[in-house]
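The values are calculated or read from the model by the stated rules, or taken from the named source; none is laboratory data. Owing to the predicted nature of the structure, the values given are computational and were not obtained by experimental measurement. Glycine gets a Cβ as well: all are built from the backbone with ideal geometry, and neighbour counts include every protein chain shown. The area values use the complete protein model at the heavy-atom level, side chains included, leaving out ligands, DNA and RNA. Shrake-Rupley method; radii C 1.70, N 1.55, O 1.52, S 1.80 Å.
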Amino acid sequence: MIQELLARIDTLERENTRLKEEIEQLKKRLSKNSRNSSKPPSSDGLSRPNKNNSVSEQGKLKSKGTKKPSGGQKGHNGSNLGQAKPDEVITKPVTSCDHCQSDLSDTKAQGYVRRQLHDLPGMPKLKVSATCVRVPVITTHSLTVHATFSKVVTRKAAQNALKKAEGVLLYDNPEKKEFPTPADVVGTDPTWVGRVRQSLDNPKAIDLFVCGDNLRKGAALNTAQIAELVAAEFTR
């Protein structure tokens, strides 16, 4: 009986020692904050230490006893962090179909461009050559266009024609870095055109760049515009 009690006492003493060590470890953890450890300031919560206080070895706040204002002092040259520039930007265009892994040298999208242009009134024999480039973007279709004509067309004449075209927004001033990009057109209705120029090798050709939000023009916007035309016919 006595041996059992002694063994029990020994077990309780060891347990007591272990619990005391755990309590001390917890106290140390609770005394740590962003000023005396590597913890971020966001972890301080409501007990965030004041900037004008420092921390003692016991983890308690003590006043610095200084009247200096915070921040850089008078006469300090100061410095700031410049914008970080990446060493390398890696892009990954889609080179094959996600589903069948087939080649994209002749895709359905290229056929769509040809067919849709042939559907334009009075232009069933329009010659079209298109190459589809799959690049992962949220929205927007873009085209680089090389258009040839039966006579010489100047840049100014092409720009004037585009300004008058319904549903087209001419944004063309490369000298001031004003030209459309896919990021510009997201959420807008018109088709943006820019970088209009006469071809260097053919005075009867015009080169230009076209961007449009394909969730609007060619989709939802077309549906609304067609509905407006039909409604106008019935209300005449």
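Overview of results
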item: Residue match in segment 181-190 (condition: surrounded by 15 or more Cβ atoms within 10 Å (Cβ to Cβ) and either of a type in the set (Lys, Arg) or over 24 Å from residue 137 (Cα atoms) (or both)); result: no
item: Lone qualifier among 152, 145, 196 - being among the aliphatic types (A, V, I, L, M), surrounded by fewer than 18 Cβ atoms within 10 Å (Cβ to Cβ), under 23 Å from residue 132 (Cα atoms) and at pLDDT 90 or above; result: 145
item: Residues located in segment 116-137, provided they are of a type outside the set (Gly, Ala, Ser), at pLDDT 75 or above and surrounded by fewer than 10 Cβ atoms within 10 Å (Cβ to Cβ); result: 124, 125, 127
item: Test set (1) touching a Pro at 6+ places or on another chain (Cβ under 7 Å); (2) within 21 Å of residue 141 (Cα to Cα); (3) surrounded by fewer than 17 Cβ atoms within 10 Å (Cβ to Cβ) - residue 177 fails condition number; result: (1)
item: Elements of type helices (runs of 4 or more DSSP H) contained in segment 135-236, each with 1 or more residues being in contact with a strand residue (DSSP E or B) (Cβ under 8 Å, 6 or more places away or on another chain); result: 155-164, 182-185
item: Residue in segment 116-129 that is farther than 18 Å from residue 196 by Cβ and in contact with a Phe, Trp or Tyr (Cβ under 9 Å, 6 or more places away or on another chain) present; result: no
item: Checklist (1) open to solvent by less than 80 Å² (accessible area, probe 1.4 Å); (2) farther than 21 Å from residue 114 by Cα; (3) without any contact (Cβ under 8 Å) to a residue 24 or more places away in the chain; (4) not small (Gly, Ala, Ser) applied to residue 172, failing item; result: (3)
item: Filtered residues of segment 209-224 (kept if in contact with a helix residue (DSSP H, G or I) (Cβ under 8 Å, 6 or more places away or on another chain) and open to solvent by 50 Å² or more (accessible area, probe 1.4 Å)); result: none
